[in-house]
Amino acid sequence: MAPGQKVLYLGAASGTTVSHVADIVGPEGLVYAVEFSHRSGRDLINVAKKRTNIIPIIEDARHPHKYRMLVGMVDTIFADVAQPDQARIVAINAHNFLKTGGHVVISIKANCIDSTAAAEAVFASEVNKLRAEKIKPREQITLEPFERDHAVVVGQYRPPPKK
């Protein structure tokens, strides 16, 4: 993410992290912030009143067709949805809105996906699902000791072929 870029933020919650992303992209950038919960959405709308580069969208990220008229093509998708079908949610939004060569940043909470499997196995499975959707992993970081069984994966969507 860089100044002037457009970001689709899935799982925006009350907008705390969204506000940091909005600061990174600056006044020339834009953050489309999607949140399903109406309660969190109210807080998100209040954050957006103070930061004009945030567009709050109170909708289910599983159904991007419902907000397709609001969101343009983006440089990055930031996903913090904590759902068992998270990789599918990211992929369907990438196919709709992410520029070729664009990036994804995905927060993976292993227990939200499969509480019976080892965290590393869950992370590997999610990365494989992303690969199948043309999202090439570039970096994976676990958040230990700050958060247990959490990882962040950065990937690139339909990366250009190596020359």
Query raised in the report: Considering R62, R68, which residue is touching an Asp or Glu at 6+ places or on another chain (Cβ under 9 Å) and of a type in the set (K, R)?
Result: R62
Query - Qualifying positions in the stretch 117-146 - among the charged types (D, E, K, R), surrounded by 12 or more Cβ atoms within 10 Å (Cβ to Cβ) and not in a loop (DSSP other than H, G, I, E, B) - result: E120, E126, K129, R131, K136, R138
Query - Extreme residue, modelled with the lowest pLDDT, among residues of the stretch 7-31 that are buried (at least 23 other Cβ atoms within 10 Å of the Cβ) and touching a Leu at 6+ places or on another chain (Cβ under 9 Å) - result: G15
Query raised in the report: Quick one: is D114 more than 24 Å from Q5 (Cβ to Cβ), over 16 Å from the mean Cα position of the chain (by Cα), surrounded by 16 or more Cβ atoms within 10 Å (Cβ to Cβ) and in contact (Cβ under 8 Å) with a residue 24 or more places away in the chain?
Result: no
Query raised in the report: Applying the selection to the stretch 20-74, what residues are assigned to a helix (DSSP H, G or I), within 21 Å of R88 (Cα to Cα) and under 16 Å from the mean Cα position of the chain (by Cα)?
Result: P64
Report task. Please work out which residue is farthest from the chain's Cα centre (by Cα), limiting yourself to the stretch 86-101 and to residues that are assigned to a strand (DSSP E or B) and under 20 Å from R62 (Cα atoms). Result -> K99
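The values are calculated or read from the model by the stated rules, or taken from the named source; none is laboratory data. Note that the structure is a prediction, hence the values are computed from the model and not measured. Counting neighbours? That spans all protein chains shown, and the Cβs are built from the backbone with ideal geometry, glycine included.
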